[in-house]
Amino acid sequence: MSFPRCALLWARLPASRRAGHRATVCSVLRAPVGPFPGPLGRAPALASSSASGGSKAPNTSLFVPLTVKPQGPSADGDVGAELTRPLDKNEVKKILDNFYKRKEIQKLGTDYGLDARLFHQAFISFRNYIMQSHSLDVDIHIVLNDICFSAAHVDDLFPFFLRHAKQIFPVLECKDDLRKISDLRIPPNWYPEARAIQRKIIFHSGPTNSGKTYHAIQKYLSAKSGVYCGPLKLLAHEIFEKTNTAGVPCDLVTGEERVTVELDGRQAAHVACTVEMCSVTTPYEVAVIDEIQMIRDPARGWAWTRALLGLCAEEVHLCGESAAIDLVTELLYTTGEEVEVKNYKRLTPISVLDHALESLDNLRPGDCIVCFSKNDIYSVSRQIEIRGLESAVIYGSLPPGTKLAQAKKFNDPNDPCKILVATDAIGMGLNLSIRRIIFYSLIKPTINEKGEKEIEPITTSQALQIAGRAGRFSSQFKEGEVTTMNYEDLSLLKEILNRPVDPIRAAGLHPTAEQIEMFAYHLPETTLSNLIDIFVDFSQVDGQYFVCNMDDFKFSAELIQHIPLSLRVRYVFCTAPINKKQPFVCSSLLQFARQYSRNEPLTFAWLRRYIKWPLLPPKNIKDLMDLEAVHDVLDLYLWLSYRFMDMFPDASLVRNLQKELDAIIQDGVHNITKLIKISETHKLLNLEGLPPGKQSCLSGTLKSQARRTRSTKSAGSKAAVPPDPHVGEISLASRLVQQGLLTPDMLKQLEKEWLTQQTEHSKERTESGVYSKGTRRKKKEPNSD
């Protein structure tokens, strides 16, 4: 190659590369040199600064490698080959293998954040890039050529390897920046408006039914302006109605609803909202934060932390358990604010009975049976109906309107319904006239801070919250009673209720949309779900805080990852509250996001077609659950309509549609025992006993005993009698009698009916000569329970 051609190619190189390669090219004229001038493995100050900062080592398993495609033929030709010579691929492969095996290189990689896993992945990608590229950049081509001629050391490849590693793992390039963005220490500084005023903090501490919230609300009503922050839509609605009834104009703000009472559309001075929706920039005279102990909630605790530290109010009234006092005092010590504590005692007495219910035959008006699974709800409701009693039903997935209707039915002294079957959803938000709380089981599935499912006995805090619903001050029963369904559970219940409530140790935090956007700026090719994982891993928090579990957010992020959306829009869709156990709700989020990405507004007409409106009344339990899912989808539409008004334009029409659906669901729940019976008949609902250890309404006692044995042993208390290992050999009828779900008289009656039916079936088969299973079933058949 002529000197002018070489000079021309050299001139085409960027100035930085020319400067960097003069020494490399000239090395051909020099004797072979060592690997690196100076000590091998010395990382620059930037790499060592993060290590010296005291931050934890990142979890590199979260770093997902990007793909770097090999270079194709260049329009300028292979400049490196023209400057030196074409490379022998076999020689290059030997050089790369030697590079990989060198301990010094692996040690140097560790100094730059490449642990063994990342080093291996980066090398595989680097080798594929070198071997499969038609032409390489001039700088690396020249170095490889120099190594082939022993004019350079194999270690001279490290800068190029590191550059490639940072291309496939961009987090290596910006670790320090990411640590700064995800630094969640000193949260009070996030709220400058609140820090600009001296707030007065009053903590109203006491058990359920002690009047603590009442006193805080009186301050709220008498103030010139105020905000109430509640944990549930039902509570926000209740305060909204009470405030307006008291002649104080009050707006309502929840995730799915905005109600303005002023005729001209102006915001009222008072607002009742769910805690996630409170404004931390609007000034108020009085703020009330209800159920402050939920600051420890693994998923929602961040909302109470935000309200506590950020509400811009002259007086902030906190209502909740005494377990939160120490933590709240510590958190507000960092803001220079003192906490005044007002203690309250329960207004009506409550007692734990010395005897269990044992049989549903012993139910009395005003009883509430608390279950922790829908199957148990269905089973107990069916058994109550068999006994000729009527019951109301309340569980978490029911629409708020249906819950209120069931509560009203139970509370009405003129209604024949005197029994309530409910989950722990009754713990807050509903005023119920309950005389006796009966725990059907003490085992409840929960999700811990790591997102793992745990099946353990209920906590003291949960037991007190539920038990406290009995004998409320405003109800017709002035004394409350608490017991269990099974005698074996009674000692454990007393033990749980007598334990001191564990003090709350930490408050929840949550990354903001702005923080995630800054993360995405540095990692533009990373998925949102992976961004969240890396953020949580890099985050630093003070000892009084923890990062809330974000599994639901990540689930939604992965669900809509393939849909082209801007990061901010994607973030909003992922924060939409959905029940990921409902396939129709999940597919609806996906469909809504897809319509949004196409810039196609989701109109009322489109939504009616999508949910196949009009919907028929439920004929069985499955139909009822499907209607509940549709109600959740309408909730999702309304939630999104307040974030993207132009794309979800028909909120008012959808709200009216939701009210119609609520009425259909109410009718279904009113006839729930009929739906359960039909579902049993058509094998849509299995309420028969299952093998020990399976989730079943009728094996709940056996499951409870097994788990209680483990938990009470660890607590040092007297263990319950373990289940018989041969329990599977006992007949279903015997088990039902033992558990109090059947009486001996009922069992005899069932046996008589069964024998009568068998005789009739036998006659029919004899007369017809042909028996088709199920075609001659009598309309009224014996109950399988």
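The values are calculated or read from the model by the stated rules, or taken from the named source; none is laboratory data. Bear in mind the structure is a predicted one, so any value in this text is a computation, not a measurement. Glycine gets a Cβ as well: all are built from the backbone with ideal geometry, and neighbour counts include every protein chain shown. Please note that ligands, DNA and RNA were not included when accessible areas were found on the heavy atoms of the full protein model with its side chains. Shrake-Rupley method; radii C 1.70, N 1.55, O 1.52, S 1.80 Å.
Quick check: net charge around Arg102, other residues with Cβ under 15 Å of its Cβ, Lys/Arg +1 and Asp/Glu -1?
0
List the residues of the stretch 632-660 whose backbone N lies under 16 Å from a point placed 7 Å from the Cα of Ser566 along the Cα-to-Cβ direction.
643-648
With a 1.4 Å probe and all protein chains left in place, how much accessible area per residue does the stretch 61-172 have, in Å²?
I get 45 Å² per residue for this part.
Explain nothing, just compute: Karplus ³J(HN,Hα) = 6.51 cos²θ - 1.76 cosθ + 1.60, θ = phi - 60°, for every residue of the stretch 108-114 in order, whole Hz, x for Gly and Pro.
5, x, 4, 5, 9, x, 9
What distance in nm separates the simple spin-label points at Val68 and Gln218, each placed 7 Å from Cα in the Cβ direction?
If labels sit at Val68 and Gln218, their model points lie 7.1 nm apart.
Work from the charge dipole of the stretch 528-682 (Cβ charges, +1 for Lys and Arg, -1 for Asp and Glu, about the Cα centre) and give the residue of Asn579, Ser539, Leu638 farthest towards its positive end.
Leu638
Stretched out fully, how many nm does the piece from Gln749 to Lys622 gain, at 0.36 nm a residue minus the Cα gap?
Values: separation 127, 0.36 × 127 = 45.72 nm, distance 3.01 nm.
Stretched fully, the Gln749-Lys622 segment lengthens by 42.7 nm.
Kindly state, to the nearest 0.05, the FRET efficiency for Glu514 paired with Leu653, given R0 = 45 Å and r defined as their beta-carbon distance.
Efficiency, from the Cβ-Cβ distance: 0.85.
Mind checking which aspartates and glutamates have their Cα closer than 18 Å to the Cα of Lys612? Skip sequence neighbours fewer than 8 apart in that chain.
Asp623, Asp626, Glu628, Asp632, Asp635, Asp650, Glu660, Asp662
My understanding is that a pair violates if its Cα-Cα distance is over 29 Å; which of Lys212/Lys453; Lys69/Lys180; Lys453/Lys494 do that in this structure?
Those over the limit are Lys212/Lys453; Lys69/Lys180.
Could you sort out which of Lys342/Lys408; Lys56/Lys107; Lys242/Lys408; Lys444/Lys622; Lys418/Lys581; Lys409/Lys659 sit more than 21 Å apart by Cα distance in this structure?
Where the Cα-Cα span goes over 21 Å, the pairs concerned are Lys342/Lys408; Lys444/Lys622; Lys418/Lys581.
Need the C-alpha centroid separation for the stretch 306-330 versus the stretch 566-587, integer Å.
Each part's Cα centre sits 30 Å from the other's.
For the stretch 483-639, report the accessible area per residue in Å² (1.4 Å probe, heavy atoms, rounded to an integer).
43
Name the aspartates and glutamates eligible as straight-distance cross-link partners of Lys478: C-alpha to C-alpha under 19 Å, and not fewer than 8 places from it in the same chain.
Asp367, Asp412
Could you list log10 I(q)/I(0) for the stretch 187-343 at q = 0.19 Å⁻¹, which the Debye formula gives when each Cα is one point scatterer?
-1.19
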